[in-house]
1. Using only the Cα atoms of the stretch 1-58, build the gyration tensor, take square roots of its eigenvalues as a ≥ b ≥ c, and label the shape rounded, prolate or oblate: rounded if a/c is under 1.5, else prolate if a/b is larger than b/c, else oblate.
2. Cα gyration tensor of the stretch 64-111, axes a ≥ b ≥ c as square roots of the eigenvalues: rounded (a/c below 1.5), prolate (a/b > b/c) or oblate?
3. Among rounded, prolate and oblate, which fits the stretch 41-81 when a ≥ b ≥ c are the square roots of the eigenvalues of its C-alpha gyration tensor, a/c under 1.5 means rounded, and a/b larger than b/c means prolate?
4. By how many nm would the segment from D30 to R57 lengthen if fully extended, with 0.36 nm per residue of separation less the alpha-carbon distance?
5. Once R0 is set to 35 Å, what does the formula 1/(1 + (r/R0)^6) return for the Cβ-Cβ distance between K5 and A102, expressed as a FRET efficiency to the nearest 0.05?
6. First select every other residue whose beta carbon is under 13 angstrom from the beta carbon of R76; then total the charges, Lys and Arg +1, Asp and Glu -1.
7. How large is the helix-only mean residue ellipticity at 222 nm for the chain, computed as the sum of -39500 (n - 2.57) over DSSP H runs with n ≥ 4, divided by its residue count, in deg cm²/dmol to the nearest 500?
8. Out of these labelled values of mean projected area of the Cα convex hull in nm², (i) 12.4; (ii) 7.3; (iii) 8.2, which was calculated from the coordinates shown here?
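We did not get these values from a lab; they are worked out from the coordinates using the rules stated. It should be emphasised that the depicted structure is a prediction, and the values quoted were computed from it without experimental measurement. Every residue, glycine as well, gets a Cβ built from its backbone with ideal geometry; the counts of neighbours run over all protein chains shown.
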Amino acid sequence: MSAAKPRYEILWTETARVDVEEITRFIAHDSVENALAVLDRLEHSAKNLAFLPERGRFVPELKQLGVLAYRENIVRPWRIIYRFDVDRVYVLGVLDGRRDLASLLIERLIR
């Protein structure tokens, strides 16, 4: 029996890549082993979106505003924010779930 073929291509934005680099760099200050484990968890979670991106929940803060284009996959304490179309999943950011999303988005806009 062969493995299921992914339905979607996973594409990471530069912003999302930087998010993951910053997360792993921060954790690596204390433990390179832990940083690599977190990196593996985040990448594995994103890769799984290739099979069923619909399973992620709508981003609650955006859903309240009627914005249903963005979903998230939780890899505690991080939130992988993404959107998808017919055959691609776009990973847009990996955000700290302990922080207020509005504050994080404002920070990104003023960078």
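1. In terms of gyration-tensor shape, prolate.
2. Here the stretch 64-111 falls in the prolate category.
3. oblate
4. Gain on extension, D30 to R57, equals 6.5 nm.
5. 0.35
6. Spelling it out: positives minus negatives among the neighbours equals +1.
7. Estimated from H runs of four or more residues: -12500 deg cm²/dmol.
8. From the options (i) 12.4; (ii) 7.3; (iii) 8.2, the structure gives (iii).
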